[in-house]
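**Q** This is the structure I have questions about; it appears just below.
The values are calculated or read from the model by the stated rules, or taken from the named source; none is laboratory data. Remember, it's a predicted structure, so these values are computed and weren't measured experimentally. No Cβ is skipped: glycine too gets one built from the backbone with ideal geometry, and neighbour counts run over all protein chains shown.
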Amino acid sequence: MNTTDEIRNQVISLVRNFVKKDVLPVARKYEYEDNYPHELIEKMKEMGLFGITIPESYGGMGLDYTTFATIFEELSKGWMSLTGPIGTHHVLANIIERYGTENQKQRFLSKMAEGEIRGGLALTEPGAGSDVQNISTTASKSNDKYILNGTKLFITNGFYGNAFVVATKTDTKIKPAYKGISCIIVEKGSPGFSVAQKLDKLGYRGVDTCELIFENCEIPAENLIGGIEGKGFSQVLNALESGRVNIAARAVGVATAAFESAIKYAQKRESFGVKISKHQAIQIKLADMATKIKAAKLLTYDAALKMDLGERSDLEAGMAKLFASEVCGEVTLEAMRVLGGYGYLKDFDIERYYRDAPLMIIGEGTNEIQKLVIAKRLLEKYSI
């Protein structure tokens, strides 16, 4: 075993122990009360989880995306909401590392790795979600500043985060419209920047999801990612490949937790004089669940490996996100059916898994959009 494998195994073991000892005993309470888990976040900071893929030269762990995905899977087995504060955070880190100036990397990455700066991606708007090129947030340059105006919605880390990469139009007239999009880093405390509301959600509770308002918000021009306007569309889309891998890994984790709950329950619960695991109807459900989870996991880690090899991975990441999230939705419902009425009670974790599953279906681009992305890449790949 080489040093990289040893480090990877140590980190994964640390995360598993954290989930078992610190997360599982309190997850239900935090989730039910919709309270931000400050104590757990502090422990995640100490473990270095805010710097998983940030290079060691900037204070991070510099781990590969396979390890990244495994961490998200393990955390999601305990409580999927915990992946929120580090998921969108790493999208921001990815954009800065790949496209930022050296000054931007020096200013942000080391503090992000420590969790001192907790970041996010401000992309979605009330009138523009998956249709990225039609965002309406604008940024006009005035001397050495940008004046930002617009609203962003469904922003993870919105309340407790303190730095966001904001997708904005720096050119509203250029055609096609995506060529006018730029990414700008906006920090909390900037004049004209406010958090309007914390959104009350079906699932994914405990993590802050907010609306961000920019009203003549003044941002230093040096915060423009890479120092060049008009590059934001590709910067966001490329960074979202890692986001889709982490969403797929979350889905695998939640689906696995639901399956394990169901198969354990099936071997304890009796009906018609035998354990329900003896009934073929239940056995068929368990077999289907386990097979689909395995397939979702293989797709997820195939996409992560592509990223580790530095290869184009939008097709694989899209497939992984699409399939794993749909499997998660299906498995959590089937697990609830195995538990019957008990699965519908808040005393059992199954109902939480069921409420958390839709996030993966609509997050990081809806699955309908994923299918279009996949089809486009397939037509390119098999062009005649």
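**Q** Quick one: what pairs do we get from the stretch 91-118, first residue under 12 Å from N223 (Cβ atoms), second part of a loop (DSSP other than H, G, I, E, B), C-beta under 8 Å, 6+ apart or different chains?
**A** F108/G100; F108/I117
**Q** So, one more: In a loop (DSSP other than H, G, I, E, B), β-branched (V, I, T) and over 21 Å from the mean Cα position of the chain (by Cα) - does that describe any residue in the stretch 98-120?
**A** Yes: the stretch 98-120 contains one or more residues that are in a loop (DSSP other than H, G, I, E, B), β-branched (V, I, T) and over 21 Å from the mean Cα position of the chain (by Cα).
Results for (1) modelled with pLDDT under 95; (2) farther than 30 Å from Y344 by Cα, shown as yes or no for each residue.
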| site | (1), (2) |
| --- | --- |
| T170 | no, yes |
| L240 | yes, yes |
| I247 | no, no |
| Y265 | no, no |
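**Q** Something else about it: Of all residues in the stretch 153-171, which are in contact (Cβ under 8 Å) with a residue 40 or more places away in the chain and assigned to a strand (DSSP E or B)?
**A** Those that are in contact (Cβ under 8 Å) with a residue 40 or more places away in the chain and assigned to a strand (DSSP E or B): L153, F154, I155, T156, A163, F164, V165, V166, A167, T168.
**Q** Give the residue, chosen from N2, N17, that is polar (S, T, N, Q) and at pLDDT 95 or above.
**A** Result of the check over N2, N17: N17.
**Q** Would it be correct to say that V236 is over 24 Å from L92 (Cβ atoms) and out of contact with any Ser or Thr (no Cβ under 6 Å at 6 or more places or on another chain)?
**A** When the stated conditions are applied, V236 does not pass them.
**Q** Keeping to the stretch 21-40, report how many residues are under 18 Å from K77 (Cβ atoms), part of a helix (DSSP H, G or I) and in contact (Cβ under 8 Å) with a residue 24 or more places away in the chain.
**A** 6
**Q** Out of E31, E73, E46, I need the residue that is of a type in the set (D, E), surrounded by fewer than 22 Cβ atoms within 10 Å (Cβ to Cβ) and either out of contact with any Phe, Trp or Tyr (no Cβ under 6 Å at 6 or more places or on another chain) or at positive phi (or both). Which one?
**A** E46
**Q** On to the next question. Among the residues of the stretch 204-228, count how many are crowded, with 21+ Cβ neighbours inside 10 Å and under 16 Å from I96 (Cα atoms).
**A** Of the residues in that region, 3 qualify.
**Q** Within the set of pairs 6 or more residues apart or between chains, which connect a residue that is under 15 Å from A290 (Cβ atoms) inside the stretch 247-276 to a residue that is in a strand (DSSP E or B) with Cβ atoms less than 6 Å apart?
**A** Q267/K275
**Q** Further question on the same structure: Based on this model, can you work out whether S190 counts as among the hydroxyl-bearing types (S, T, Y), over 15 Å from L121 (Cβ atoms), outside the structural domain of L40 (by TED's automatic domain parsing) and in a strand (DSSP E or B)?
**A** no
**Q** Counting only residues that are surrounded by fewer than 19 Cβ atoms within 10 Å (Cβ to Cβ) and over 20 Å from the mean Cα position of the chain (by Cα), give me the helices (runs of 4 or more DSSP H) lying completely in the stretch 280-384 with at least 2 of them.
**A** Qualifying helices (runs of 4 or more DSSP H): 280-308, 314-339, 367-381.
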